[in-house]
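What follows is a set of notes on a single structure, which appears directly below.
The values are calculated or read from the model by the stated rules, or taken from the named source; none is laboratory data. Bear in mind the structure is a predicted one, so any value in this text is a computation, not a measurement. Cβ placement follows ideal geometry from the backbone for every residue including glycine, while neighbour counts extend to all protein chains displayed.
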Amino acid sequence: MRPAFFFDRDGVVNRSPGAGYVLRWKDFHFNEGIIETLALLRSRGFALVLVTSQQGVGKGLMTQATLDEIHALMQGELARHGAAFDAIYACTCLADDAHCTCRKPSPEMILRAAAEHDLDLTKSWLVGDHDRDIQMAHHAGVPHTIRIRGDEPLQVTADRVLDNVRDLLPFIMSFKNSGINLDASSKAKTRRP
Ligand SMILES: [Mg+2]
Ligand SMILES: [Zn+2]
């Protein structure tokens, strides 16, 4: 079992598309500092898991194949930096789909990831830019949460609030000095994709 860092996608990994969706790779822009942050966490033995809501598929604005292609291209770029995600979970349902059980703040995507990748949620973290991201972590029993301040109003309390994704790397690097053990476990192996 190893701990994970769960990441929301839009507004955290890549620039927020605002009220819309990233419908093609051309419009996917990594946020400054995120690749270095992912690479550091990976080198420290954390599993990296993307948990994202992509309602644009449910709305018919893009196909599942297009979403998969965007994620494959994202992974390719991240892998060049030793920063690829170990797993990607996406809820593509409509927000008002009565049969959907996976949409945030449901903990389902995190619980599935834990079961499928043998993750220790009690030592895991989540980084998000929306109340629903933080609520999902709370519902899943992920104790550590980092909120990136975005356009959304902050109503749910996270452990830390950072103004910008750029602040993630220095914050995580400061763990060492603040006594927070960043090493996932003494037995964690550094893995390269
Ligand atoms: Mg977001
Ligand atoms: Zn769903």
Helices (runs of 4 or more DSSP H) contained in the range 58-150 and holding at least 3 residues more than 16 Å from ligand 2 (Cβ to nearest atom) and farther than 20 Å from Leu23 by Cβ: 108-117, 131-140
Check on Thr52, crowded, with 18+ Cβ neighbours inside 10 Å, in a helix (DSSP H, G or I) and of a type in the set (Ser, Thr, Tyr): no
Selected residue (criterion: farthest from Glu152 (Cα to Cα)) from residues of the range 89-133 that are away from ligand 1 (no atom under 13 Å from the Cβ) and among the small types (Gly, Ala, Ser): Ala115
Criterion (among the acidic types (Asp, Glu), more than 22 Å from Lys59 (Cα to Cα) and either at pLDDT 95 or above or surrounded by 14 or more Cβ atoms within 10 Å (Cβ to Cβ) (or both)) met by exactly one of Asp129, Asp97: Asp129
Qualifying residue in the range 68-75 (condition: within 16 Å of ligand 1 (Cβ to nearest atom), more than 15 Å from the chain's Cα centre (by Cα) and either surrounded by 20 or more Cβ atoms within 10 Å (Cβ to Cβ) or not β-branched (Val, Ile, Thr) (or both)): yes
Single condition Phe6 does not satisfy, out of (1) touching a residue at least 60 places away in the same chain (Cβ under 8 Å); (2) more than 11 Å from ligand 1 (Cβ to nearest atom); (3) under 22 Å from Asp68 (Cα atoms); (4) in contact with a Gly (Cβ under 7 Å, 6 or more places away or on another chain): (4)
Residue list for the range 134-152, restricted to those being away from ligand 1 (no atom under 11 Å from the Cβ), under 21 Å from Pro170 (Cα atoms) and either modelled with pLDDT under 95 or surrounded by fewer than 24 Cβ atoms within 10 Å (Cβ to Cβ) (or both): Pro143, His144, Thr145, Arg149
Every pair of residues 6+ apart whose Cβ atoms lie under 9 Å, when the first sits in the range 107-124 and is on the phi > 0 side of the Ramachandran plot while the second is small (Gly, Ala, Ser) and away from ligand 1 (no atom under 16 Å from the Cβ): Asp118/Ala47
